[in-house]
Amino acid sequence: MGFAIMSMTDGAAARVKTIVENSGSDAKGIRVGIKKGGCAGMEYTIDLVTEPNAKDDLVERDGAKVWVEPSAALYLLGTEMGFETTTLRSGFTFTNPNQTSACGCGESVELKPADLAALAAQRQVEPAHS
């Protein structure tokens, strides 16, 4: 069995469900991707999904659906998507083990592709559950 590219916190799942509920009957979830931009080189993208792409990976939690663009999968492996509200902003957060740096304002990041060989080796040394 495979593993999920990304995980979601309870807060992120609740926010995704709220976005979908407030977006009309065609909304099914959100799509997460990455694009080149910002001072650090890359930015996360979030778009509303009305028609899922069969090539996207689906991450679900408590009824919340998040699709991950295929071009972003290697950069998002192991990422936890959260949602936070502070006195200055509210928004999705990404705790990404593939992030090598971020800009000062936090709007863009530098990402490296996940090391698939290291992930495979890690999975082989993990004890099997009986």
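Among the numbered criteria (1) of a type outside the set (Ser, Thr, Tyr); (2) at pLDDT 95 or above; (3) open to solvent by less than 30 Å² (accessible area, probe 1.4 Å), which one does ALA72 miss?
Result: ALA72 fails condition (2) only.
State the number of residues belonging to segment 10-65 that are acidic (Asp, Glu) and in a strand (DSSP E or B).
4
Inside segment 36-66, can you point out the residues that are over 16 Å from THR79 (Cβ atoms) and touching a helix residue (DSSP H, G or I) at 6+ places or on another chain (Cβ under 9 Å)?
Those that are over 16 Å from THR79 (Cβ atoms) and touching a helix residue (DSSP H, G or I) at 6+ places or on another chain (Cβ under 9 Å): LEU48, VAL49, ASN53, LYS55, ASP62, GLY63, LYS65.
Taking segment 11-27 only, how many residues are of a type in the set (Gly, Ala, Ser) and open to solvent by 90 Å² or more (accessible area, probe 1.4 Å)?
So the count comes out to 1.
Name every residue in segment 75-118 that is at pLDDT below 90, open to solvent by less than 50 Å² (accessible area, probe 1.4 Å), aliphatic (A, V, I, L, M) and in a strand (DSSP E or B), in order of residue number.
Hits for segment 75-118 are VAL109, LEU111.
The values are calculated or read from the model by the stated rules, or taken from the named source; none is laboratory data. Quick caveat: nothing in here was measured; it's all calculated off a predicted structure. Reconstructed Cβ throughout: ideal geometry from the backbone, glycine too, with neighbour counts over all protein chains shown. Calculation scope for accessible area: heavy atoms of the full protein, side chains included, ligands and nucleic acids excluded. Shrake-Rupley method; radii C 1.70, N 1.55, O 1.52, S 1.80 Å.
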